[in-house]
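No value in this document is a laboratory result; all are computed from the given coordinates. All values derive from a computational prediction rather than experimental measurement. Reconstructed Cβ throughout: ideal geometry from the backbone, glycine too, with neighbour counts over all protein chains shown.
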Amino acid sequence: MAIDAKGRRHFTEVILNPVVVVTADVMTAPANALHQTANEFCFIANSVNFKVRHNPTCSVDAQEFNLRNLNDKTLNLNLKP
């Protein structure tokens, strides 16, 4: 945050630190790359006069997602390696 000559404060940059869990190692690079694409097309990031950066953390946990409980109304992206 910065202060201008009149003493008003304003943002100069925002850093987002999203945490993503995927089910396989091969999914980490694509998941991290999606954050860059999301930032490029983000309505909010494109509407503010300061930089918005993503600093994603991606980890692998094959047990994290239990697809047995999904029903037909649930969006299932099925991102298998």
Inset, instruction - Obtain the nm distance between the two label points defined at Val14 and Met1 by a simple spin-label model: each point lies 7 Å from its Cα along the Cα-to-C-beta direction. - result: 1.4 nm
Inset, instruction - Quickly rank 48-55, 32-39, 12-19 as a protection proxy: mean count of other C-beta atoms within 10 Å, highest first. - result: 32-39, 48-55, 12-19
Inset, instruction - Identify the chymotrypsin sites (Phe, Trp or Tyr not before Pro) of region 1-48 meeting these criteria: DSSP loop state and at most 12 other C-beta atoms within 10 Å of the C-beta. - result: Phe11, Phe43
Legend entry - Positive minus negative residues near Val52 (Lys, Arg vs Asp, Glu; Cβ under 14 Å): 0
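Using a cut-off of 14 Å between beta-carbons, work out the net charge of the residues near Glu13 (Lys and Arg +1, Asp and Glu -1, Glu13 not included).
It works out to a net charge of +3.
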